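This report refers to the structure that appears directly beneath it.
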Amino acid sequence: MGNAGRNGGEYYTPRPLIRAIVKVAHPKLGERIYDGAVGSAGFLCEAYDYLTANNPKRTTAQDRALQERTFYGNPNGGEEVTHRTPAVIMKEIAALDAESAEVLRNIRTLL
């Protein structure tokens, strides 16, 4: 991670590393993507670029979903996230809807 240099103590993740993480995560159309420490929104932007590049024949409905129901984040630089346990964060995300809760239950079995 590199120091942003402008806001004393805040860090950013370099774009090449973000691209690698997004590639490994392999997001798919229809999934929700959450960044708990949005900052510059690099993860969300790279995830959007990945989804559009890997799905060139999207429907209008898929484009609408990308714009309105795919990307979520905490714009407070992660300050609030660092004071929460992973279990609390997962409960908050699960509140989005039943589908998210099912995904989180599957993730918990892997942890």
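The values are calculated or read from the model by the stated rules, or taken from the named source; none is laboratory data. Model, not experiment: these values are computed from the prediction. Note that we place each Cβ from the backbone using ideal geometry, even for glycine, and neighbour counts take in every protein chain shown.
Below is a table of values for the structure above.
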read-out: Helices (runs of 4 or more DSSP H) wholly inside region 39-111 that include at least 3 residues being among the aliphatic types (A, V, I, L, M) and at pLDDT 80 or above; value: 42-54, 60-68
read-out: Hits in region 4-24 - residues which are assigned to a loop (DSSP other than H, G, I, E, B) and either touching a strand residue (DSSP E or B) at 6+ places or on another chain (Cβ under 9 Å) or at pLDDT 95 or above (or both); value: A4, G9, E10, T13, P14
read-out: Residue that is surrounded by the most Cβ atoms within 10 Å (Cβ to Cβ), among those in region 38-57 that are within 21 Å of R19 (Cα to Cα) and among the charged types (D, E, K, R); value: E46
read-out: Filter result for P27 (outside the structural domain of R105 (by TED's automatic domain parsing), of a type outside the set (F, W, Y), within 12 Å of the chain's Cα centre (by Cα) and at pLDDT 85 or above); value: yes
read-out: Among residues of region 35-75, those that are without any contact (Cβ under 8 Å) to a residue 12 or more places away in the chain and over 20 Å from V24 (Cβ atoms), counted; value: 9
